[in-house]
Amino acid sequence: MNVLIVHVHPEAKSLTSSLKDFAVEVLTQAGHSVQVSDLYTMNWKSQIDGEDFLERLNYDRLDIVNESGKAFSEGSQTSDVIAEQEKLRWADAVIFQFSYWWFSMPAIMKGWVDRVFACGFAYGIGGSNRWRYGEGNLKGKRAMLSITIGGPEKDYSARGINGAIDDLLFPIHHGILFFPGMSVLPPFLVHSAGQLSEAGYGQVKANYRSRLLNLFITKPIPFRNQNDGDYDEAYQLKPGLEGDRTGLKIHQSIQTTVKKKQARTIAA
């Protein structure tokens, strides 16, 4: 299988960079083909602006969506964007390897998303936004975040001061990766990264090896597809489908659990 690693860290000797190198080693030894987009090494242009569109629809006012759609459909995107889109087409799975800075991915990685996930490529298929959330052009590909975090795990729990990590990662998992159709795997997290001991690093590598070797069999987060009937015409979740869940968890399907309960009832 083909795996793309999108890696971000300015220091080659960092924990994040070492985990990137480790992932390449493990995946390659397992028989997978691996490409790495090391954004700092590539000197990736993070901001999206008029320079991204070689032939503009309107030079008086920049409309990112319309210009992006035109550039993609007419083949006039910049060469760096085209190259990354080709890597995404090639990949069966994408690993985003980064340090968690200010409750999000680093700006250079967000800039990669802004520029590479172009209109027509990752959203707005057929001139409409209807085909999204589980049904975009990247459907069939897997995505996993591999993140080093400075704070301890307890600070990212449901009652922790930073908030539950699943909720904090929802904009990336659901809004960036699931939106264009990717199957999103549970993240691989390394907490208290700055205090990691040698023994702790050994355990992290063992845990990461397991996740990497199971990359193509791990069950994705069961986000609800937009067009599978769970949402009404105004894209509101239909009443009663949330079960006993609250908050962002309502956008994850509980159908499997319901089916299991029904099966047990029938069997009884």
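Bear in mind that the values in this text are calculations on the coordinates, not laboratory data. Everything numeric here is computed off the predicted structure, so don't read it as measured data. Here Cβ is always computed from backbone atoms with ideal geometry, including for glycine, and neighbour counts include all displayed protein chains.
Entry remark, segment 10-50: residues being hydroxyl-bearing (Ser, Thr, Tyr), within 22 Å of LEU189 (Cα to Cα) and surrounded by fewer than 18 Cβ atoms within 10 Å (Cβ to Cβ) number 4 in total.
Yes/no matrix, rows are residues, columns are (1) among the small types (Gly, Ala, Ser); (2) in contact with a Phe, Trp or Tyr (Cβ under 9 Å, 6 or more places away or on another chain); (3) over 23 Å from ASP92 (Cβ atoms):
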{"residue": "SER192", "(1), (2), (3)": "yes, no, yes"}
{"residue": "GLY202", "(1), (2), (3)": "yes, no, yes"}
{"residue": "ARG211", "(1), (2), (3)": "no, yes, no"}
{"residue": "THR218", "(1), (2), (3)": "no, no, no"}
{"residue": "ASN227", "(1), (2), (3)": "no, yes, yes"}
{"residue": "TYR231", "(1), (2), (3)": "no, yes, yes"}
{"residue": "LYS238", "(1), (2), (3)": "no, yes, yes"}
{"residue": "GLU242", "(1), (2), (3)": "no, no, yes"}
{"residue": "ILE250", "(1), (2), (3)": "no, no, yes"}
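Checked against (1) in contact (Cβ under 8 Å) with a residue 12 or more places away in the chain; (2) closer than 25 Å to ILE147 by Cα, TRP102 passes all but condition (1).
Hey, among the residues in segment 138-161 that are crowded, with 20+ Cβ neighbours inside 10 Å and of a type in the set (S, T, N, Q), which one's nearest to GLY120 (Cα to Cα)? That would be SER146.
The set of residues in segment 176-208 being part of a loop (DSSP other than H, G, I, E, B), farther than 30 Å from CYS119 by Cα and not small (Gly, Ala, Ser) consists of HIS191, LEU196. Give the residues of segment 94-115 that are over 21 Å from LEU15 (Cα atoms) and crowded, with 22+ Cβ neighbours inside 10 Å, sorted by residue number. Those that are over 21 Å from LEU15 (Cα atoms) and crowded, with 22+ Cβ neighbours inside 10 Å: TRP112, ARG115. Within segment 172-200, the set of residues being of a type outside the set (Ser, Thr, Tyr) and without any contact (Cβ under 8 Å) to a residue 12 or more places away in the chain comprises GLY175, GLN195, GLU198, ALA199, GLY200. Of all residues in segment 52-83, those that are within 24 Å of SER17 (Cα to Cα) and crowded, with 19+ Cβ neighbours inside 10 Å total 1. Does at least one position in segment 96-119 carry a residue that is within 20 Å of LYS45 (Cα to Cα), of a type in the set (Lys, Arg) and within 14 Å of the chain's Cα centre (by Cα)? Yes, because at least one residue in segment 96-119 is within 20 Å of LYS45 (Cα to Cα), of a type in the set (Lys, Arg) and within 14 Å of the chain's Cα centre (by Cα).
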